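Comments concern the structure below.
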Amino acid sequence: MSTTRIDLIRHGEPEGGNVFRGRTDHALTELGRWQFAERVRRFDSRWTRIISSPLSRCHSAAEQLASARNLPLLCDERWAEIDYGDWENRDVSEVMAEYADDSRRLWADPLNFCAPNGEPVPQLQQRVGAAWQELLNDHRGEHLLLVSHGGVMRVLAQQLLSLAPEAMNRLAIPYAGLLRFKIDHSEYQGKEQVWVSLEGMDGSVLRPDDQEAV
């Protein structure tokens with residue numbers, strides 16, 4: 001038996017306010033850079049490599065960490081956030097008022113949701129699932145750090161833990177939130193068996209003025 005661990009961390013707070021920020025490439029705020037560094041400090045591990053979404057709110061922090069620790073960094077488009085199409089970079093409250101029926105579907109029936117001219121959730125599932133399987137195939141036995149997005153992390157958790165689709169939106173993943181998955185690889189009657197468990201989760205909101213004593 002061998003074990004792979006993959007830590008998924010969401011980017012910190014980006015610029016731009018409360019908007020539908022899918023492929024919109026906002027940089028991190030000063031707070032966002034601090035949030036990422038603080039979460040890494042709390043869950044510091046001997047990662048063997050870092051994988052990142054290409055969007056700058058993820059890649060900038062991942063690149064800085066990889067450089068500081070002399071770790072290989074892989075940038076993979078498949079770990080980018082969902083494309084919100086016509087909703088991109090628009091204020092969330094305005095969109096939800098203008099597209100009331102569509103926005104309700106986002107929360108009530110996420111697997112059948114697609115923003116106008118955006119990316120369907122099943123397509124997001126497919127690309128994220130393929131990227132995940134490739135990580136397991138190529139980096140078995142390693143401890144990886146994956147820097148990505150809230151939507152990506154919710155979709156992946158729903159798939160790996162066999163959650164009800166609507167449970168995705170009940171999974172709180174604040175800026176720099178973290179999920180740690182443990183993957184045990186074994187063999188039974190000549191066939192590979194893969195067992196996935198959620199080994200750790202930190203959904204606390206990070207603010208410089210109320211740091212936990214850890």
Matching residues, segment 164-194, being within 27 Å of residue 58 (Cβ to Cβ), part of a strand (DSSP E or B) and open to solvent by 30 Å² or more (accessible area, probe 1.4 Å)
180, 182, 194
Would a scan of segment 148-159 turn up a residue that is touching a residue at least 60 places away in the same chain (Cβ under 8 Å), within 11 Å of the chain's Cα centre (by Cα) and in a strand (DSSP E or B)?
yes
May I ask you to list the residues in segment 105-122 that are under 13 Å from residue 22 (Cβ atoms), modelled with pLDDT under 90 and assigned to a helix (DSSP H, G or I)?
106
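Can you name the residue in segment 25-37 that is outside any strand (DSSP E or B) and of a type in the set (A, V, I, L, M, F, W, C) and is also surrounded by the fewest Cβ atoms within 10 Å (Cβ to Cβ) among such residues?
So, considering only residues that are outside any strand (DSSP E or B) and of a type in the set (A, V, I, L, M, F, W, C), the one surrounded by the fewest Cβ atoms within 10 Å (Cβ to Cβ) is 27.
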Any residue that is closer than 19 Å to residue 176 by Cα, at pLDDT 95 or above and touching a helix residue (DSSP H, G or I) at 6+ places or on another chain (Cβ under 7 Å) - is there at least one of those in segment 67-75?
yes
If we keep only residues of segment 1-38 that are among the small types (Gly, Ala, Ser) and touching a residue at least 60 places away in the same chain (Cβ under 8 Å), then the residue nearest to residue 185 (Cα to Cα) is 2
Can you tell me how many residues within segment 195-214 are assigned to a strand (DSSP E or B) and either open to solvent by less than 60 Å² (accessible area, probe 1.4 Å) or of a type outside the set (D, E, K, R) (or both)?
7
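For every residue, the table says whether it meets (1) open to solvent by less than 50 Å² (accessible area, probe 1.4 Å); (2) modelled with pLDDT under 95; (3) in a loop (DSSP other than H, G, I, E, B); (4) closer than 25 Å to residue 92 by Cα.
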site: 12; (1), (2), (3), (4): yes, no, yes, yes
site: 23; (1), (2), (3), (4): no, no, yes, yes
site: 39; (1), (2), (3), (4): yes, no, no, no
site: 44; (1), (2), (3), (4): no, yes, yes, no
Can you work out which of the residues in segment 74-86 that are closer than 13 Å to residue 116 by Cα and in contact with a Pro (Cβ under 7 Å, 6 or more places away or on another chain) is least open to solvent (accessible area, probe 1.4 Å)?
85
First in segment 78-102 and closer than 21 Å to residue 57 by Cβ, second anywhere and of a type in the set (Asp, Glu) and modelled with pLDDT of 95 or more, Cβ under 7 Å, 6 or more apart:
82/119; 83/119
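So, in segment 83-104, exactly how many residues are at positive phi and assigned to a helix (DSSP H, G or I)?
1
Does residue 140 qualify as being within 21 Å of residue 73 (Cβ to Cβ), open to solvent by 60 Å² or more (accessible area, probe 1.4 Å), not aliphatic (A, V, I, L, M) and not in a helix (DSSP H, G or I)?
yes
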On the given criteria, is residue 60 part of a loop (DSSP other than H, G, I, E, B), among the hydroxyl-bearing types (Ser, Thr, Tyr) and either under 17 Å from residue 153 (Cα atoms) or in contact with a strand residue (DSSP E or B) (Cβ under 9 Å, 6 or more places away or on another chain) (or both)?
no
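The values are calculated or read from the model by the stated rules, or taken from the named source; none is laboratory data. Note that the coordinates shown come from a computational prediction; the quantities given were computed from them, not determined experimentally. Cβ: placed from backbone, ideal geometry, glycine included. Neighbour counts: every protein chain shown. When the accessible area is computed, the model is the full protein with side chains, heavy atoms only, and any ligands, DNA or RNA have been set aside. Shrake-Rupley method; radii C 1.70, N 1.55, O 1.52, S 1.80 Å.
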